[in-house]
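Following: one structure in structure tokens, then a few remarks.
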Amino acid sequence: MESVTTLVHRDSPFINFRAFDFGEGSYGYRSIDAKRFQLLSDAPDDRDVLAALIAHPQFRDTYDGAGVQDCARHGQWWLDRMTPDAYETVGADTAIDVVHSWANQHGGTPEPLASRLRQEIYAPIRSATSRYLLGPLPEDALHDYGPIHIDFHEIVLIDRPTATLTLLVAADD
């Protein structure tokens, strides 16, 4: 796949819940990683863009703190089990609900975190031209230490007017 010609990695903003004061509550070892890519103007249809994302070296991240590696894993799964067909088209409300429900599962989030989520996560979800949620994968797709994550939610945002793709991963362990 021509990931290099379709997607150019720009940056990877990271929201670590540990950086916010939850008072008596718990941050639950949660974080959101947002890998942002420049989508070249001649980029093909969305399914081809998803294939390019899966083929991109930045996709090889297990989200366990080790960062991007030259490995056969993505998140909890074996990389070779990831296909564009694993992603389901969803609306903005569904994508926001996935993140919001996950972020607030242990009680409310502190206002500084809620504000950051509104600006850096919910606003791009709303403005994206298409959104894809990683659906269930077969049990044999789980790699050898994949169960380290309690929750793992993955959303891909494609925004054609701004020529960007954002891979959102909300996970805890």
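The values are calculated or read from the model by the stated rules, or taken from the named source; none is laboratory data. As the structure is a prediction and not an experimental result, all values here were calculated from the model. A quick note on method: Cβ atoms are made from the backbone with ideal geometry, for glycine too, and the neighbour counts reach across all protein chains shown. Just so you know, the surface numbers come from the protein's heavy atoms only, side chains and all, with ligands and any DNA or RNA stripped out. Shrake-Rupley method; radii C 1.70, N 1.55, O 1.52, S 1.80 Å.
Things to note:
- Positive-end extreme of charge dipole, the chain - chosen from His56, Ala34, His106 (charges on Cβ): Ala34
- Rounded percent of accessible protein surface that carbon and sulfur make up, the chain, 1.4 Å probe: 50
- In this rough spin-label picture, where each label sits 7 Å from Cα along the Cβ direction, the Asp80-Glu111 distance is 5.3 nm.
- The gain in end-to-end length when the Asp140 to Ala19 segment is fully stretched comes to 40.1 nm, 0.36 nm per residue minus the alpha carbon separation.
- Angle in degrees between helix 46-55 and the longest Cα principal axis of the chain, rounded to the nearest 10: 80
- Our estimate of slack between Thr162 and Gln58, defined as 0.36 nm per intervening residue step minus the Cα-Cα distance, is 35.4 nm.
- Probe 1.4 Å - accessible area at His153, Å² to nearest ten: 60
- Solvent-accessible surface of the chain, averaged per residue with a 1.4 angstrom probe and all protein chains in place: 48 square angstrom.
- GNM result for the chain, Cα springs below 10 Å: residue of Leu53, Leu134, Leu142 fluctuating most strongly: Leu142
- Placing unit charges on the Cβ atoms only, positive for Lys and Arg and negative for Asp and Glu, gives region 51-144 a dipole magnitude near 380 debye about its Cα centre.
- Net length available on complete extension from Ser101 to Glu120 is 5.2 nm, with 0.36 nm assigned per residue and the Cα-Cα distance removed.
- Note on region 88-159: Rg/Rh from Cα positions, Kirkwood definition for Rh, rounded to two decimals, is 1.02.
- Only helices enter the 222 nm calculation for the chain: every DSSP H run of n ≥ 4 contributes -39,500 (n - 2.57), and dividing by all residues gives -5500 deg cm²/dmol, rounded to 500.
- Springs between Cα atoms under 10 Å define the GNM used for the chain, and in it the highest mean-square fluctuation of Arg30, Arg160, Arg18 occurs at Arg18.
- Note on the chain: with charges restricted to the Cβ of Lys and Arg (+1) and Asp and Glu (-1), its dipole about the Cα centre is near 480 debye.
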